[in-house]
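Just so it is clear, none of the values below were taken in a lab; they were calculated from the coordinates. If you're wondering where the values come from, they're calculated on a predicted model, not measured in any experiment. Because the Cβ atoms are built from the backbone with ideal geometry, glycine has one as well, and the counts that use them run over all protein chains shown.
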Amino acid sequence: MRARAPAALAGVAALAALGACAGPQSALDPRGPAAATLADFSWILFAGGALIFLGTMALLGFGLLRPDRTKGVPPLRFILWGGLVFPGVTLLILTVGTAMVGNAIDFRRLEDPLRVTVIGNMFWWEVVYPDLPGGRLVTANEMRIPVGRPVEVTVTSRDVIHSFWVPALHGKMDLIPGRMNRITLIASEAGVVRGQCAEFCGDQHAWMALFVVALEPADFDAWVREQQAVPAPPDPADTQLARGRAAFLEAGCGACHVIRGLAEGPYAAVGQLGPDLTHVGSRLSIGAGVLPNGVGPLAAWIAGVQDIKAGARMPSYHTLDGETLTALAAYLESLK
Ligand code: CUA
């Protein structure tokens, strides 16, 4: 029995390793045709590499162990076939295969794409739908797309180079200041996948996540209508929400954030430095993936941004008293 232990351990390790291949942020768990093609090609490369490795090890073993070293393939012929012809043909196949895969996952010529612009910021994603029926729509750290329709994502950056990578849908595309790069995604099934900035951009590069929510077309249209609507002001009878709304204006949050419909008195929520918060309560996460959405996390975020995500461009508002902070968080959470 004891002899079987290493084999069992190896089996468990292999299962654990394969388990890491699944999930919402895995290139090997594709949710769209481009990622599926890339995953298939990756497995072919892996299998080919493994075969070549095993063949090389077999030849090495044979060379070391054979009894009569004077016999065998003459060295020159071995170098010609093994060192020139075989790698040459392998590299040629790889080059042609890579070009074919690159062509197969280039969806730029597909018709009627949904256009989305993704703008990189240290350390969050602005997501703009420039030409939806009903007008432009801006959100952050989350991109909702209809299943089956090509989505032409134009990426650029406001500060440093970032990289847009949603492994379950497609490969990477760099966000470069002053440049517009394009990548066209297609989701083949409804669901949530996670993307991640894939170019080191500063101290919170790792917490620059982006959720892509693929919705059935009718659900997507309904989401667009909800997001395009201006949220109604809170019921004056709800003193907590009214207090939160006033706190948002008085604390000066509007200098960096937009809440559409919230522009009164000397303050207006029209700032362009931070994420648009018009419907922040409807998002999956806050802080580009660092916290789940909710009143508690929002309050923690506002009071302690720099403890939660040091180096984020927003200061910690730790001078707000507890009731004001809770009211502010409850108001933001009510913006569905
Ligand atoms: Cu943005 Cu790394």
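Details
- Screening segment 234-259 for residues that are within 26 Å of the chain's Cα centre (by Cα) and not in a loop (DSSP other than H, G, I, E, B) and picking the one that is surrounded by the most Cβ atoms within 10 Å (Cβ to Cβ) gives Ile259.
- In segment 172-204, the residues that are assigned to a loop (DSSP other than H, G, I, E, B), within 15 Å of the chain's Cα centre (by Cα) and either closer than 23 Å to Pro146 by Cβ or aromatic (Phe, Trp, Tyr) (or both): Ile186, Ala187, Phe200
- Summed over segment 154-190, the residues that are more than 18 Å from Thr37 (Cβ to Cβ), of a type in the set (A, V, I, L, M, F, W, C) and either within 12 Å of the ligand (Cβ to nearest atom) or without any contact (Cβ under 8 Å) to a residue 24 or more places away in the chain (or both) give a count of 6.
- Counted residues, segment 107-123 - those being farther than 27 Å from Val160 by Cβ and either within 16 Å of the ligand (Cβ to nearest atom) or surrounded by 12 or more Cβ atoms within 10 Å (Cβ to Cβ) (or both): 4
- The condition (being under 26 Å from Asn103 (Cα atoms), away from the ligand (no atom under 15 Å from the Cβ), touching a residue at least 60 places away in the same chain (Cβ under 8 Å) and surrounded by 17 or more Cβ atoms within 10 Å (Cβ to Cβ)) is satisfied by just one residue among Val151, Val193: Val193.
- Filtered residue count, segment 282-316, keeping only those that are in a loop (DSSP other than H, G, I, E, B) and crowded, with 20+ Cβ neighbours inside 10 Å: 6
- For beta carbons closer than 6 Å, sequence separation of 6+ or different chains, a first residue in segment 121-136 that is without any contact (Cβ under 8 Å) to a residue 12 or more places away in the chain and at negative phi and a second that is away from the ligand (no atom under 14 Å from the Cβ) and part of a strand (DSSP E or B), there are no qualifying pairs.
- Condition met for Glu226 (more than 16 Å from the ligand (Cβ to nearest atom), within 20 Å of Glu323 (Cα to Cα) and out of contact with any Leu (no Cβ under 7 Å at 6 or more places or on another chain)): no
- If you go through segment 196-217 and keep only what is surrounded by fewer than 20 Cβ atoms within 10 Å (Cβ to Cβ) and away from the ligand (no atom under 15 Å from the Cβ), you end up with Val213, Leu215, Glu216, Pro217.
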